[in-house]
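Trainee: Sharing a structure here in structure tokens format.
The values are calculated or read from the model by the stated rules, or taken from the named source; none is laboratory data. Quick caveat: nothing in here was measured; it's all calculated off a predicted structure. In this analysis, Cβ positions are derived from the backbone assuming ideal geometry, glycine residues included, and neighbour counts consider all displayed protein chains. SASA here: full protein model, heavy atoms, side chains in, ligands and nucleic acids out. Shrake-Rupley method; radii C 1.70, N 1.55, O 1.52, S 1.80 Å.
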Amino acid sequence: MAIQIEKKAFIKRSNVLFWGGLGFAVCQLVLPVFFSLIDIQMRAIHIILGISLASLACPYKKKGQEEPTTISVWDLVIILILIVANVNTFLKAMQIYMTPGSGSTVDLIIGVALIIVILDAARRTVGWAIPIFVGLMFAYIWAGPLMPGMWKLRGLPWKYVLNSVYFSPLGIYGSITGMSATFIGMFIIFGALIAAAGGGKTFIDFAIALTGRYIGGPAKAAVVSSALFGSISGSGVANVMVTGTYTIPLMKRLGYDPNFAGGVEAIASTGGGITPPIMSVTAFMMAEFLQISYFKIIGYALIPCCLYYVGIFTGVHLETIRSGLAAVPDEEIPSWKEILTFKRLASLVIPTGILLYFIATGTSLLYAGFYACVAVIVVFFASHFSISGMKMVIIEIGKGLSEGGLGLAHIVPILVAVNILVNMIGVTGIAPKLGGLIMDIGGENLILALFIATIIPFLFGTSLPVVPTYVLSLSIIAPSLVHLGIDEVAIHLFFIYWSILGGVTPPTCTSAIAAAAIAKSDWFKTAIISVKLGIVAFVIPYFFVLNPALVGRSSFMNIAEYGLSALVGTLLLAYGFFADIKSKLNLILRTLFVVSGLLLMCPSHTLSVIGILTAVLTFLVQRFSEKTAVAKTSG
């Protein structure tokens, strides 16, 4: 979301958003590192700034009405509630830690007002999903004593419930808010600074130089540049807005269908959530949750990430061949000399190297992220050392910090609302009940249990960003899947995978909608093409849950064997869906290629051999039938 500064009136919303985003980013860089605050105090400041900005960025308006350009009285009322409620907890932080649940009637009234403001901000940011689920949890507390059987809930005093949400370190001010206030905020700002320093353009030029001269070059460049930029940004929508603003117009100018152009960019950008090193910040959260080294998490994610992009790249390659889509004209392909310069690479490579170095040496994620952000700024200045260059750098860094602050502000109400929901799930005890159902089914049929477990992240993922979807899925389903004997790392990656796929799946499909806006295409057709191009990605998660070797949780030989087998299986799946098969046996051959691909991804050497033999025989039949068809035509 680009913010332009209007010079005439600072009170205008656009100016408040620009300076507010800049101030929020600076606070996120400075407060956690240089000030010794109690956790709840840091989180209270984070909520005030983040949700105030989110409320201003997503203002109230009637349907069809343009967004207001000035700050309204209602905006000021919301900000006042946020300040009063959070200053209250800031001042009573020690009381909350020492005697949680001891809030007075006045405290709880303030807390109720804060809960309403948070849920409303989440609604304005991403829609009704979280407020509805929180509302259902409150309704369950009220109706629980009347429910039959296992769903019956003992009566819970409302004072206890409200204290748990507001006047304790578990609800609004819980660990998810803590992550948002520390390393999540730091890494979102890091990604925005990298983009401001020209990282996005460097990735795009690199991708075009690598793939542009081949058939379907612009579409392939979209896949490669989105994978590269996604490794830093981790956000599907941000990825679309950075790389898509170049690749989509390029594809359209060369005659590509706008729906196809948007669909390629959307599915490619969505993969940023599983692309190391940032992985939509979920890599760091996985390391925290599982108490495993961050570098091990990156290692575990490599094979699923490679399979995702191999499937998409192959699908795009075959589709462009079938459609005869153009390459990028030679004069528009940047030379490697232009790309591989200190000025272009320094602000990208050095800060990322510093980030990985500090994480490798055991530095906390917060401080590693801080040093990386500082490195971007310092290196950007150093690589543009001139009077005009300095002026440009100051402007771009300011814009980058503002974009980072606003990007973080958009996710704060969502994460805080998720923290409320997770707390309510714990208070009501509904997670073990849902888990019990999954275990009962899983005892009979593990595949069916996984299909049921897919529903939660898939439904949340269609309306929520990756991080809250991942956290909610973990809190509701993960314990039961662990009891079924499924590897913990595979479970986490399973949920992350399904969380990101919601970004291209109707009806919400945020990445597809963003791409359609750039392509000026039909958002629904764009989303359908995204799903079609990424169909392999919808299959892969089940196999790495069934076979932990695909997430690096086995011996080296098993990882190598099953990884190679899954790679070939992914290619065959894409071939079955997208290859240009000119035969009367088209449907049968496609089905056999898909089946052989699935067999190769199974955790069985026997099935892999059957898959290879099936693929070879099917390919021979395809060539024979195509030659026969050509002979009949020419005869």
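Trainee: Please go through region 448-505 and give me each residue that is within 21 Å of Thr125 (Cβ to Cβ) and either touching a Lys or Arg at 6+ places or on another chain (Cβ under 7 Å) or among the hydroxyl-bearing types (Ser, Thr, Tyr) (or both), ordered by number.
Mentor: Of everything in region 448-505, those that are within 21 Å of Thr125 (Cβ to Cβ) and either touching a Lys or Arg at 6+ places or on another chain (Cβ under 7 Å) or among the hydroxyl-bearing types (Ser, Thr, Tyr) (or both) turn out to be Thr462, Ser463, Thr469, Tyr470, Ser473, Ser475, Ser499, Thr505.
Trainee: Continuing with the same structure: Among the numbered conditions (1) within 26 Å of Leu472 (Cα to Cα); (2) touching a Phe, Trp or Tyr at 6+ places or on another chain (Cβ under 7 Å), tell me where Ser168 comes up short.
Mentor: Of the numbered conditions (1) within 26 Å of Leu472 (Cα to Cα); (2) touching a Phe, Trp or Tyr at 6+ places or on another chain (Cβ under 7 Å), the odd one out for Ser168 is (2).
Trainee: Being touching a Pro at 6+ places or on another chain (Cβ under 6 Å) and small (Gly, Ala, Ser) is the filter here, so list the residues in region 335-392 that pass it.
Mentor: Ala372, Ala375
Trainee: I'm trying to understand the selection: among the residues of region 310-329, which are in a helix (DSSP H, G or I) and open to solvent by 30 Å² or more (accessible area, probe 1.4 Å)? Walk me through it before giving the result.
Mentor: The initial filter retains those residues of region 310-329 that are in a helix (DSSP H, G or I), namely 310-323.
The answer is Val310, Phe313, His317, Ile321, Arg322, Ser323.
Trainee: Could you please give the count of residues in region 532-545 that are in contact with a helix residue (DSSP H, G or I) (Cβ under 7 Å, 6 or more places away or on another chain) and closer than 16 Å to Thr314 by Cβ?
Mentor: Of the residues in region 532-545, the ones in contact with a helix residue (DSSP H, G or I) (Cβ under 7 Å, 6 or more places away or on another chain) are 533-545.
Now narrow it down to the ones that are closer than 16 Å to Thr314 by Cβ: 533-540.
Final tally of qualifying residues: 8.
Trainee: Within region 437-445, can one find any residue that is of a type in the set (D, E, K, R) and without any contact (Cβ under 8 Å) to a residue 60 or more places away in the chain?
Mentor: Looking for residues that are of a type in the set (D, E, K, R) and without any contact (Cβ under 8 Å) to a residue 60 or more places away in the chain, one finds at least one in region 437-445, hence yes.
Trainee: To continue, here is another question. Could you list, in sequence order, the residues of region 18-37 that are part of a helix (DSSP H, G or I) and among the hydrophobic types (A, V, I, L, M, F, W, C)? Before you say what the answer is, go through the steps one by one.
Mentor: Going residue by residue through region 18-37, those that are part of a helix (DSSP H, G or I) are 18-34.
Phe18, Trp19, Leu22, Phe24, Ala25, Val26, Cys27, Leu29, Val30, Leu31, Val33, Phe34 - these are the residues of region 18-37 that are part of a helix (DSSP H, G or I) and among the hydrophobic types (A, V, I, L, M, F, W, C).
Trainee: Picking from Val378, Val393, which residue would you name as being open to solvent by less than 60 Å² (accessible area, probe 1.4 Å), under 15 Å from Leu193 (Cα atoms) and over 25 Å from the mean Cα position of the chain (by Cα)? Can you show your working first?
Mentor: Details: Val378 fails: open to solvent by less than 60 Å² (accessible area, probe 1.4 Å).
The conditions single out Val393.
Trainee: Would you mind listing the helices (runs of 4 or more DSSP H) fully within region 38-151 where at least 3 residues are of a type in the set (Val, Ile, Thr) and free of Cβ contacts under 8 Å to residues at least 60 places away in the same chain? Spell out the reasoning first.
Mentor: Numbers: elements: 39-57, 73-91, 93-98, 105-126, 129-143.
Fully inside region 38-151 and qualifying: 73-91, 105-126.
Trainee: Residue under question is Val416, and the condition is that it be in contact with a Ser or Thr (Cβ under 9 Å, 6 or more places away or on another chain), more than 25 Å from Gly185 (Cβ to Cβ), buried (at least 16 other Cβ atoms within 10 Å of the Cβ) and aliphatic (A, V, I, L, M); does it hold?
Mentor: Details: in contact with a Ser or Thr (Cβ under 9 Å, 6 or more places away or on another chain): yes; more than 25 Å from Gly185 (Cβ to Cβ): no; buried (at least 16 other Cβ atoms within 10 Å of the Cβ): yes; aliphatic (A, V, I, L, M): yes.
No, not satisfied.
Trainee: Select from region 172-195 the residues that are assigned to a helix (DSSP H, G or I) and either hydroxyl-bearing (Ser, Thr, Tyr) or free of Cβ contacts under 8 Å to residues at least 40 places away in the same chain (or both) and write down the one among them that is farthest from Ile232 (Cα to Cα).
Mentor: So the first thing to find is which residues in region 172-195 are assigned to a helix (DSSP H, G or I), and the list is 175-195.
Add one more test, that the residue is either hydroxyl-bearing (Ser, Thr, Tyr) or free of Cβ contacts under 8 Å to residues at least 40 places away in the same chain (or both), and what stays is 175, 177, 180, 182.
Details: Ser175: 24, Thr177: 22, Ser180: 17, Thr182: 18 Å.
Only one residue fits best here, namely Ser175.
Here is a yes/no grid of residues against (1) of a type in the set (Ser, Thr, Tyr); (2) surrounded by 21 or more Cβ atoms within 10 Å (Cβ to Cβ):
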residue	(1), (2)
Ile397	no, no
Gly405	no, yes
Val412	no, yes
Asn423	no, yes
Thr428	yes, no
Leu434	no, no
Ile452	no, no
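Trainee: Right, here's the next one. Which pairs turn up if I take residues in region 361-383 that are over 17 Å from Val26 (Cβ atoms) and look for partners that are among the charged types (D, E, K, R) with beta carbon separation below 9 Å, at least 6 apart in sequence or on another chain?
Mentor: What qualifies is Leu365/Glu288; Ser383/Lys343; Ser383/Arg344.
Trainee: Also, I was wondering about something else. Being more than 18 Å from Gly315 (Cβ to Cβ) and open to solvent by less than 40 Å² (accessible area, probe 1.4 Å) is the filter here; which residues of region 575-621 pass it?
Mentor: Of everything in region 575-621, those that are more than 18 Å from Gly315 (Cβ to Cβ) and open to solvent by less than 40 Å² (accessible area, probe 1.4 Å) turn out to be Ser583, Leu599, Cys602, Ser604, Ser608, Gly611, Thr614, Thr618.
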